[in-house]
Amino acid sequence: MQSSNSILNEYYKYFNELLRRLLIPAIFFIVILILIMFFKFNKIEIHKFYMYYPFPSLTNSTSVMILKKIKDFMLPKNMVLISVNAFDPIIGSLYTSSLISAIVTSPLWIYEIYAFIFPALTQKERKAINMFIIPSIILFIFGALFSYFIILPALFRFMYYLDLGLGVLPSLSIRAFISTVLSFVLLVGISFEYPIVIMALTYVGFVDYKTLLKYWRYAIALSFIIALIISPGATGGIIEITIGLTLSGLYFLGVLISKYLLRK
């Protein structure tokens with residue numbers, strides 16, 4: 001009984017430590033979210049130096065300006081955003097603010113989580129994390145940019161021409177628009193971690209690069225299955241093929257890097 005109580009106390013101590021570490025990035029996340037959603041930043045000149053200060057503005061806040069820029073970049077000129085429900089604009093602004101705040105505070109989240117698990121890691125595990133964390137961040141950023149600049153504009157353009165073909169007004173609810181943008185950016189960014197997963201499996205000895213090359217057909221099939229899951233299935237296969245080919249290329253890139261790591 002005493003041993004079980006000591007185990008529970010240990011878990012309680014670790015849980016408190018985790019909460020304490022996550023509290024700091026959570027506070028920063030909320031503060032930045034509020035600043036972006038409810039304030040705009042005005043510019044003032046002081047002795048030929050420009051400074052920015054926050055000014056309360058819900059209708060012309062930073063999140064509203066960012067959302068406008070995303071809309072202007074993504075949507076064809078004659079496609080209209082509409083508000084279906086009363087709170088759709090607020091929810092769209094909240095989604096945008098949350099994404100920007102998550103991006104800004106992500107280094108702090110990563111640091112605190114890594115500092116929490118660091119004492120429990122072996123030397124090999126620490127080396128693996130240090131080796132893979134920077135490439136994984138870079139690949140996620142590339143995936144997010146690939147989705148933002150290539151996939152999403154093509155998707156909305158296809159929807160626009162489909163609306164014209166059906167003889168309906170090309171329109172989209174603001175909530176559906178921002179939800180589609182955020183989900184695509186996150187999902188494609190995560191799917192670009194494909195090579196990191198392959199390299200990690202090779203590094204820990206779970207599989208070697210020869211086996212990965214042997215079963216390349218299954219990997220390509222999996223790439224296109226992921227593409228079908230991510231894509232909306234309404235573009236005649238264009239986006240699905242683009243994502244599938246990209247993930248297939250990333251798979252072979254991961255295999256080549258795994259071969260190099262194994263030789264080292």
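So the check is Cβ under 6 Å with 6+ separation or different chains; which pairs have a first residue in segment 96-108 that's touching a residue at least 40 places away in the same chain (Cβ under 8 Å) and a second one that's among the polar types (S, T, N, Q) and assigned to a helix (DSSP H, G or I)?
Here the result reads Thr96/Ser63; Ser97/Ser63, each pair linking segment 96-108 to a residue that is among the polar types (S, T, N, Q) and assigned to a helix (DSSP H, G or I).
Assess whether Ala219 counts as being aliphatic (A, V, I, L, M), more than 17 Å from the chain's Cα centre (by Cα) and modelled with pLDDT of 75 or more.
yes
Quick check on my filter: what residues within segment 155-171 are surrounded by 15 or more Cβ atoms within 10 Å (Cβ to Cβ) and part of a helix (DSSP H, G or I)?
Leu155, Phe156, Arg157, Phe158, Met159, Tyr160, Asp163, listed by residue number.
Within segment 197-218, restricting attention to residues that are hydroxyl-bearing (Ser, Thr, Tyr) and surrounded by fewer than 16 Cβ atoms within 10 Å (Cβ to Cβ), which residue is nearest to Ser248 (Cα to Cα)?
Result: Tyr218.
Does Leu253 satisfy the criteria of being surrounded by 13 or more Cβ atoms within 10 Å (Cβ to Cβ), at pLDDT 75 or above, under 30 Å from Gly205 (Cβ atoms) and more than 20 Å from the chain's Cα centre (by Cα)?
For Leu253, the condition - surrounded by 13 or more Cβ atoms within 10 Å (Cβ to Cβ), at pLDDT 75 or above, under 30 Å from Gly205 (Cβ atoms) and more than 20 Å from the chain's Cα centre (by Cα) - is met.
Looking at segment 120-143, is at least one residue crowded, with 16+ Cβ neighbours inside 10 Å, touching a strand residue (DSSP E or B) at 6+ places or on another chain (Cβ under 7 Å) and not in a loop (DSSP other than H, G, I, E, B)?
Within segment 120-143 (the criterion being crowded, with 16+ Cβ neighbours inside 10 Å, touching a strand residue (DSSP E or B) at 6+ places or on another chain (Cβ under 7 Å) and not in a loop (DSSP other than H, G, I, E, B)), the answer is no, since none of the residues qualifies.
Answer with yes or no whether Lys69 is among the basic types (Lys, Arg), out of contact with any Cys (no Cβ under 9 Å at 6 or more places or on another chain), modelled with pLDDT of 90 or more and over 13 Å from Ser97 (Cβ atoms).
So Lys69 passes the test.
Can you list the strands (runs of 3 or more DSSP E) found entirely within segment 29-91 that contain at least 3 residues being closer than 30 Å to Trp109 by Cα?
Filter on segment 29-91 gives 39-46, 49-56.
Show the residue pairs meeting these rules: Cβ distance below 6 Å; 6+ apart or different chains; first residue within segment 155-170 and within 26 Å of Ala227 (Cβ to Cβ); second residue in a helix (DSSP H, G or I) and of a type in the set (Phe, Trp, Tyr).
Hits for this filter: Pro170/Tyr160.
Spot the failing condition for Leu33; the list is (1) crowded, with 16+ Cβ neighbours inside 10 Å; (2) among the aliphatic types (A, V, I, L, M); (3) more than 26 Å from the chain's Cα centre (by Cα), and only one is missed.
Of (1) crowded, with 16+ Cβ neighbours inside 10 Å; (2) among the aliphatic types (A, V, I, L, M); (3) more than 26 Å from the chain's Cα centre (by Cα), only one is false for Leu33: (3).
Against the definition (of a type in the set (Ser, Thr, Tyr), within 28 Å of Met159 (Cβ to Cβ), out of contact with any Pro (no Cβ under 8 Å at 6 or more places or on another chain) and surrounded by 15 or more Cβ atoms within 10 Å (Cβ to Cβ)), how does Ser57 come out, yes or no?
No: the conditions fail for Ser57.
The values are calculated or read from the model by the stated rules, or taken from the named source; none is laboratory data. Keep in mind that what you see is a predicted model, and the values were worked out from it rather than measured. Cβ atoms come from the backbone with ideal geometry, glycine included; neighbour counts cover every protein chain shown.
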